[in-house]
Amino acid sequence: MNRREKIARIRMGRWFAWGDVIVLAAAVLLMAACFLIAFYIPKEEGDSFSVYFRGEKIFTAGMEEDAEYLFYIDGNEGIVIPYTGAVDRSDYNLIRVQGGSVCVLSADCPDKTCIYLGERTWGEILCMAHEMMIRVEGGGLETDISVSYTHLRAHETLRH
């Protein structure tokens, strides 16, 4: 369609030609397919998880046994201990491993985003308030990028 035909259609009150509608529909379908692929295709599950505090790994455990762990901040140090049934500390996250998945059961951070992320069998759970991250590992989940990032952090630590 040339410029004059387009102007004539606009004057008649027709904003789209059939070709425009088809292209728009194809774009919407493509976006929907990408969304479904990204969020609804099952991911490979991990077999262990690690807790990071300020970018440094401080704890690793398997996900085959059900357990609960308490992460808390003591001064400038992040500590993970087995949960005994009482939380007598501030700046904490209660981590639960159950049925091959990991989640944050409770926390005293103000936004509680880490709790709302739910149970994970892959990926990460972040608590920005406590500078804590839980990363599910193993089961073929490692990539070149995560290995390179870990080596980079180790190199930075040694350099300082």
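The values are calculated or read from the model by the stated rules, or taken from the named source; none is laboratory data. Just so it is clear, the model here is predicted, and its values are computed rather than measured. Here the Cβ positions follow ideal geometry from the backbone for every residue, glycine too, while neighbour counts run over all protein chains shown. Note: accessible area is taken over every heavy atom of the protein model, side chains too, but ligands, DNA and RNA are not part of it. Shrake-Rupley method; radii C 1.70, N 1.55, O 1.52, S 1.80 Å.
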Identify, from the list Glu137, Glu68, Glu119, Glu142, the residue that is among the acidic types (Asp, Glu), under 18 Å from the mean Cα position of the chain (by Cα) and modelled with pLDDT of 90 or more.
-> Glu119
Considering only the range 78-117, state which residues are open to solvent by 40 Å² or more (accessible area, probe 1.4 Å), in a loop (DSSP other than H, G, I, E, B) and under 17 Å from Gly62 (Cα atoms).
-> Tyr83, Gly99
Within the range 115-134, can you find the residues that are within 17 Å of Ser48 (Cα to Cα) and free of Cβ contacts under 8 Å to residues at least 24 places away in the same chain?
-> Gly118, Glu119, Arg120, Glu124, Ile125, Leu126
Could you please tell me which pairs satisfy a Cβ distance under 9 Å, a separation of 6+ or placement on different chains, a first residue in the range 58-83 that is farther than 19 Å from Arg135 by Cβ, and a second residue that is among the basic types (Lys, Arg) and crowded, with 16+ Cβ neighbours inside 10 Å?
-> Asp66/Arg96; Tyr83/Arg96
Taking the range 81-116 as the search range and keeping residues that are under 19 Å from the mean Cα position of the chain (by Cα) and among the basic types (Lys, Arg), which one is modelled with the lowest pLDDT?
-> Lys112
Could you please give the count of residues in the range 60-72 that are within 17 Å of Trp122 (Cα to Cα) and open to solvent by 20 Å² or more (accessible area, probe 1.4 Å)?
-> 5
